[in-house]
1. List pairs: first residue in the range 35-57 and more than 15 Å from residue 115 (Cβ to Cβ) and touching a residue at least 12 places away in the same chain (Cβ under 8 Å), second residue surrounded by fewer than 17 Cβ atoms within 10 Å (Cβ to Cβ) and not hydrophobic (A, V, I, L, M, F, W, C) anywhere in the structure, Cβ distance under 8 angstrom, at least six positions apart or on different chains.
2. Can you go through 384, 337, 372 and tell me which one is closer than 30 Å to residue 472 by Cβ and out of contact with any strand residue (DSSP E or B) (no Cβ under 6 Å at 6 or more places or on another chain)?
3. Can you name the residue in the range 36-60 that is open to solvent by 70 Å² or more (accessible area, probe 1.4 Å) and at pLDDT below 80 and, of all such residues, is farthest from residue 99 (Cα to Cα)?
4. Considering only helices (runs of 4 or more DSSP H) fully contained in the range 403-482, which possess at least 1 residues that are touching a residue at least 60 places away in the same chain (Cβ under 8 Å) and under 22 Å from residue 318 (Cα atoms)?
5. Do any residues in the range 59-74 that are farther than 30 Å from residue 387 by Cβ have Cβ atoms under 8 Å from those of residues that are in a helix (DSSP H, G or I) and open to solvent by less than 50 Å² (accessible area, probe 1.4 Å), where the two are at least six apart or on different chains, and which pairs are they?
6. When the range 440-467 is examined, which residues are found to be of a type in the set (Ser, Thr, Tyr) and more than 19 Å from residue 413 (Cβ to Cβ)?
7. Could you say whether any residue in the range 418-429 is closer than 24 Å to residue 354 by Cβ, touching a His at 6+ places or on another chain (Cβ under 8 Å) and of a type outside the set (A, V, I, L, M, F, W, C)?
8. For the range 355-398, give me each residue that is within 15 Å of residue 324 (Cβ to Cβ), polar (S, T, N, Q) and buried (at least 21 other Cβ atoms within 10 Å of the Cβ).
Amino acid sequence: MNNKLQRITQALLCCFLLIVFGCETEQLVTDEQTPQTKSIQSAKTWFDKYESNGINYELFQNLEYNWNEAKKVKSEDGTETIIVPIVELKEDREEIWSQKLYLYKLGTGDYKVLLFEIYPDKDVPSDSQTIEGGDFNGYMAAWDLKMGFVRASRFKNNQVIENGIVAVISIDKMATSKAPAISPCVDDMCQEGPGGLGDGKAPPPRPPVQLRPVVVTGPSTGAPVVYTPRTPATGGGGTSPGGFTSPGGGSSGGGVTAPTPVQIIDALTGKAKCIYEKLKSSSSGFENAIKKFDGEFTLYDLKLTINNNLSLNVYGETQPPVNYVTEIQINNNSLNNLSDLGKATVFAHEIIHAEIFRKMLIAAQKGSLDSNNMTVQEQTNYVNSLKNNFPGLYDYYFKRYKPTWNHEMMASHYRSVIADIIQQFDNKRLPRSTYEAVTWVGLGKLDTNLTTIAWDNLSETEKAVINKLINDNFYNGPSNCN
């Protein structure tokens, strides 16, 4: 009897110990996972708010994010990064391209978000088809979920060998709505690729490359994502996939700095320089606008210069892009007649012009917008790309074209953007209505007997109030940049 009681007691003790140690082990595992889980949940909470704030870029609406497979890593530059797989919408499940969402933790507790698309070469071994394998061959593109295309590159042996532009191009679905799989040549001398690029003997520039199809519901058109080469990577390349997905573009594991063929060329002086520096440091809206032209967004240059030969009543002027360079000219002489708020408004106005040109370059997939230098097919592709990627711009530039189309569009759709920029610059010193009134400079009355439709739609009373606010604040007021 005693032996039986002893065995029962021992069994109960063993069960008790197993439960205790099992709970401790489970608690240890839970504790180990908690920082990772908390980081991912924090990123998801932020991202849900971000995505609900306005619609996504047309190509990336209604995406399905696989948060259960999300992971926290360190980007190549050391930034805490959350990577979220996306369940791709594919016509054929055999397609090997993929999408991933990257959320970069900022010091403020916010995040920066980019979507990356990876298009592997189908004819290389499977470990060369993944960006984690150390020998990636194919293409990669980065997208802003709200604004659209950011940058794209072609990779060979895990290194960038070429930079390019990616856009969505409409094609006749009866001809083909399904892009061929990627199969660039292995030989450096051979430059063929997906989309029927020929036998590799064609001289540069190479024709566009169809990367993947876009699933559409319309009866007659398909829309492939198309890559157009722009510039070879200098010095034999240098950027790895890990560098490409870093917040700032990164560098390769070998320590070679990634080529940055674009930049903001700042040749400003005097009052213009003073206002520009204050705008960069005080207005996140202005800073975000110019970032689209800096080394992180690796396709377009922004050049800021002084041109005191502009007419006295012309404060600034944005030139059409030439060889991927958009130049904003500022007249320092004319700035003498403006308050600092007025000067900042000039910069905000001109940066919107530059942003419109940037989107048009993406659509044209060329370095300039001169139709005389485009073939008929290039002009057709340009118009279709505007329609698919920037429908609002297409509406003003083609469907409702008039010589003042850009100012018409800005007057109707960009004044709040300009008001945000100058309100931040001015540290919210004045009522919001004042900043909104000041934005009408250059967007209401364009010339003698020439006004915008948006301005004409205002009542005479509204115009009188706006003109007084412009006189009191655009021309007069604090002026510390002299």
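The values are calculated or read from the model by the stated rules, or taken from the named source; none is laboratory data. As the structure is a computational prediction, the values presented were derived from the model and not from experiment. All Cβ positions, glycine included, derive from the backbone under ideal geometry; neighbour counts span all protein chains shown. When the accessible area is computed, the model is the full protein with side chains, heavy atoms only, and any ligands, DNA or RNA have been set aside. Shrake-Rupley method; radii C 1.70, N 1.55, O 1.52, S 1.80 Å.
1. 36/71; 39/80; 40/71; 46/110; 54/146
2. Working: 384 fails: closer than 30 Å to residue 472 by Cβ; 372 fails: closer than 30 Å to residue 472 by Cβ.
That would be 337, the only listed residue that is closer than 30 Å to residue 472 by Cβ and out of contact with any strand residue (DSSP E or B) (no Cβ under 6 Å at 6 or more places or on another chain).
3. Among them, the one singled out is 53.
4. Values: elements: 405-413, 415-425, 432-438, 453-456, 460-470.
Per the criteria, 405-413, 415-425, 432-438.
5. 67/40; 70/40; 70/43; 71/40; 72/39; 72/40
6. Going through the range 440-467, the residues of a type in the set (Ser, Thr, Tyr) turn out to be 448, 451-452, 459, 461.
Within the range 440-467, 448, 459, 461 qualify.
7. Of the range 418-429, the ones closer than 24 Å to residue 354 by Cβ are 418-426.
Going one step further and asking which of them are touching a His at 6+ places or on another chain (Cβ under 8 Å), we end up with 418.
So of that shortlist, the ones also of a type outside the set (A, V, I, L, M, F, W, C) come out as none.
There is no residue in the range 418-429 that is closer than 24 Å to residue 354 by Cβ, touching a His at 6+ places or on another chain (Cβ under 8 Å) and of a type outside the set (A, V, I, L, M, F, W, C).
8. 365
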